[in-house]
Amino acid sequence: MVNKSPRELLEVPSAWSIPQVMDSLATSLSGEGPALAFAPSRFNSVPENVAVVIPTSGSTGAPKEVALSATALRASAKASNNYMRAEAGDSWSLLLPTNHIAGVNVLVRALELGSKIVESDYQFTAIVPTQLFRALKEGGELLANLQNAKAVLVGGAATQEELLERAAAAKIKVVTTYGMSEMSGGCVYDGYPLQGVEVDTREDGRIALRGAMQAECYLGVAEPLADADGWFLTSDAGALADGKLVITGRIDDQIISGGEKISLSAIDSFLNANLESEYMSCAIPSVEWGQQLCLASSSRVDESAISELLRERFGRHAVPKLFLSEIELPRASIEKADRKRLAQMFERIRP
């Protein structure tokens with residue numbers, strides 16, 4: 001139960017150095033200082049047992065502020081460090097922004113190990129697939145550090161099998177992660193739940209999670225974060241096979257166009273796995289179709305070839321109605337697809 005006694009909430013100044021953030025985070029986790037908001041917040045205080053506030057970064061819907069206790073954050077950090085067999089003094093490198101739970105987690109894991117954040121010669125770090133792709137493509141110091149690390153957590157978005165194979169060939173020890181702010185970040189590693197994490201799937205394929213690292217609440221939201229049995233219902237779809245979780249898409253990215261269901265993440269994953277350019281899909285309202293599928297790419301698009309490829313893979317209903325070529329694909333934090341902003345771009349060019 002959330003303790004209702006107020007506790008001061010301090011927004012972390014952007015000018016703070018990492019050591020300053022670490023010191024304040026340690027104080028917050030101990031309960032001796034104010035709770036920390038790692039992004040602008042609407043609130044000046046939080047329940048007494050809340051230590052950190054993180055904004056959600058979903059590609060649809062209004063952002064929410066997730067309230068996390070010290071108990072949840074430490075449970076997440078300990079489970080992560082244990083999985084990777086991290087030892088006291090092992091170092092972490094911060095390569096992700098701290099306005100996302102994945103960045104804050106790096107700091108908490110380092111605190112649990114009694115170590116500092118370093119820029120090179122580290123044992124562990126966490127990145128998103130785009131960073132891994134660029135390191136493999138460009139080489140240099142980042143690639144060398146990733147190759148020398150004991151383990152590199154990769155999450156925040158789906159990691160294509162081809163990219164994992166390239167990383168393995170480059171001798172990078174990748175651990176794929178799945179999770180969200182409501183579960184203190186990654187809680188499923190390489191498809192298997194961390195110690196203390198329970199995973200279930202519902203009839204519609206929706207993934208449900210439960211564990212000690214679950215957040216307390218959404219600030220300013222009356223409805224509980226979890227159901228009556230303590231399960232947090234995600235927006236992701238998946239399946240369990242011999243205890244391993246396979247992510248198949250998102251519940252909230254399914255659209256209905258002309259009476260047929262289309263998974264936007266399935267479209268993106270298929271194209272990005274089989275073609276060299278980056279692709280991102282979205283939907284906009286349509287009088288004729290209800291919702292019409294739109295497709296954008298960072299490169300020039302052969303619309304006929306793409307349409308035929310999607311028709312063969314998914315059926316006629318998966319042929320895009322509108323295309324955008326050679327644009328910078330809109331991203332939310334840590335490279336997640338920002339479909340809302342992309343849809344706004346298509347609204348401006350619709351016939």
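Normalised by the empirical 2.2 N^0.38 Å for globular proteins, what value does the Cα Rg of region 258-349 take?
1.00
What's the exposure ranking of Asp268, Asp90, Asp204, Asp23, going from fewest to most Cβ atoms within 10 Å?
Working: Asp268 23, Asp90 18, Asp204 7, Asp23 14.
By the 10 Å Cβ count, ascending, the order reads Asp204, Asp23, Asp90, Asp268.
So how do Ser91, Ser298, Ser181 line up by other beta-carbon neighbours within 10 Å, fewest first?
Details: Ser91 19, Ser298 15, Ser181 24.
Least to most surrounded, the residues fall as Ser298, Ser91, Ser181.
Filter the chain for me: DSSP H helices, axial length by Cα at least 15 angstrom, mean Kyte-Doolittle hydropathy not below -0.5. List them by residue number. Don't skip to the answer; put the middle values down first.
Details: long enough: 18-30 (18 Å, 0.64); 70-83 (19 Å, -0.44); 101-113 (18 Å, 1.55); 264-274 (16 Å, 0.58); 303-314 (16 Å, -0.37); 339-349 (16 Å, -0.87).
The answer, listed by residue number, is 18-30, 70-83, 101-113, 264-274, 303-314.
Counting other C-beta atoms within 10 Å, which of Trp92, Trp289 has the fewest, and how do the rest follow?
Lowest count first: Trp289, Trp92.
With the Cα gyration tensor of region 281-334 in hand, give its eigenvalues times 5 under a square root as the equivalent ellipsoid semi-axes, listed largest first in whole angstrom.
19, 16, 10
With the cut-off at 13 Å, report for region 18-85 the share of all Cα pairs above it, as a whole percent.
Distances greater than 13 Å cover 68 percent of the Cα pairs.
Thinking of region 2-151 as a set of Cα atoms, what percent of all their pairs are more than 25 Å apart?
Values: 3600 of 11175 pairs.
In whole percent, the share of Cα-Cα pairs in region 2-151 beyond 25 Å is 32.
Amide H neighbours of Asp236 under 5 Å, counting only residues 5+ apart in sequence or on other chains, H built in-plane at 1.01 Å?
Distant-sequence amide H within range of Asp236: Ile207, Ile251.
Which shape class applies to region 179-270: rounded if a/c is under 1.5, otherwise prolate when a/b exceeds b/c and oblate if not, where a ≥ b ≥ c are the square roots of the Cα gyration tensor eigenvalues?
Note, shape of region 179-270 comes out oblate.
Choose one of Thr248, Thr98, Ile117: the residue whose Cα lies farthest towards the positive end of the charge dipole of region 6-248 (beta-carbon charges +1 Lys, Arg; -1 Asp, Glu; about the Cα centre).
Ile117
When the dipole is taken about the Cα centre of the chain, and only Lys, Arg (+1) and Asp, Glu (-1) are charged at their Cβ, what size is it in debye, to the nearest 20?
Rounded to the nearest 20 debye, it is 140 debye.
Set the Förster radius R0 to 41 Å, insert the Cβ-Cβ distance between Asn44 and Asp200 as r into 1/(1 + (r/R0)^6), and round the FRET efficiency to 0.05.
0.65
Projecting each Cα onto the charge dipole of the chain (Lys/Arg +1, Asp/Glu -1 at the beta carbon, about the Cα centre), which of Ser277, Ile262, Phe346 comes out farthest on the positive side?
Phe346
If I histogram all Cα-Cα distances within the chain using bins 10 Å wide from 0, what percent of pairs lands in each bin?
5, 24, 31, 26, 12, 2, 0
Laboratory data are not the source of any read-out in this text; all were calculated from the coordinates shown. Here the structure is a predicted model, which means the values were calculated and not measured. We place every Cβ from the backbone using ideal geometry, glycine too, and count neighbours over all the protein chains shown.
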